[in-house]
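Step one of this worksheet: look at the structure below.
The values are calculated or read from the model by the stated rules, or taken from the named source; none is laboratory data. Note that the structure is predicted; figures quoted are calculated from it, not measured. With ideal geometry, Cβ positions are generated from the backbone for all residues, glycine too; neighbour counts draw on all protein chains shown.
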Amino acid sequence: MNFTTSIETIQKQLGVTVDGKAGPETWNAIIQKVSGAVAAPAASDRVDDRSEHNIATLLLPVQPYARALVHAAQAVGIEIKVISGTRSYAEQDALYAKGRTIPNTDKVTNAKGGYSNHNFGIAFDIGVFEGTAYLSQSAKYKAVGALGMQLGLSWGGTWQTFHDEPHFELKPLWATTMPETKMVDELRRRKDAGTDAFA
């Protein structure tokens, strides 16, 4: 039995989402089962104020994953902050203009407003820091990427067309086998209809 199958077996027994990834929902269910206590978020689960400000913009199912990633990085001696969360379509369009219609700027995204997972509350970007210094380039992003994938997040560092190491997202279960464009189309439809992205 491989690791993923083992996690799926545990998840089935706990009655949580079965995805083969040991994320916060699975760990909270394990804690509850072992200790008998409900694993409510503790004050110590909070992270730095800047990260919390951006985490608060994410959909509720995504928030514990963002905090878990900050804590997981901290546990291996890497300081990260969540530096971007949900964006409006207009904010996304302004980023898309960089490197295109805004002179002397580099491209930062290939997604226009309504075509980025940041527009739907399921994606966030992190920054690696050393003290107060933000590192735009660092081998530590790859280490954090591996930690995020262990938590069950999708990592932009694995993308082929636009390599985006600071980017993480939590795909809804209904989208796990969907091509990215189809998922974004469905997320946009759900947002326009006022439907829960994770329902």
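Among the residues of region 64-71, is any aromatic (Phe, Trp, Tyr) and touching a Lys or Arg at 6+ places or on another chain (Cβ under 9 Å)?
No.
For Gly127, work out the one condition from (1) in contact with a Phe, Trp or Tyr (Cβ under 8 Å, 6 or more places away or on another chain); (2) farther than 30 Å from Arg190 by Cβ it doesn't fulfil.
Gly127 satisfies every listed condition except (2).
If I filter region 90-111 down to residues being of a type in the set (Gly, Ala, Ser) and in a loop (DSSP other than H, G, I, E, B), which single residue comes out as nearest to the chain's Cα centre (by Cα)?
Ala111
Which condition number in (1) in a helix (DSSP H, G or I); (2) at pLDDT 95 or above is the one that Leu58 fails?
Among (1) in a helix (DSSP H, G or I); (2) at pLDDT 95 or above, the lone unmet condition for Leu58 is (1).
May I ask you to verify whether Lys142 is of a type in the set (D, E, K, R), closer than 27 Å to Ala199 by Cβ and either touching a helix residue (DSSP H, G or I) at 6+ places or on another chain (Cβ under 7 Å) or in a helix (DSSP H, G or I) (or both)?
For Lys142, the condition - of a type in the set (D, E, K, R), closer than 27 Å to Ala199 by Cβ and either touching a helix residue (DSSP H, G or I) at 6+ places or on another chain (Cβ under 7 Å) or in a helix (DSSP H, G or I) (or both) - is not met.
(1) within 24 Å of Ala73 (Cβ to Cβ); (2) outside the structural domain of Ala68 (by TED's automatic domain parsing): which one isn't true of Phe198, the others all being true?
Evaluating Phe198 over (1) within 24 Å of Ala73 (Cβ to Cβ); (2) outside the structural domain of Ala68 (by TED's automatic domain parsing) leaves (1) as the failure.
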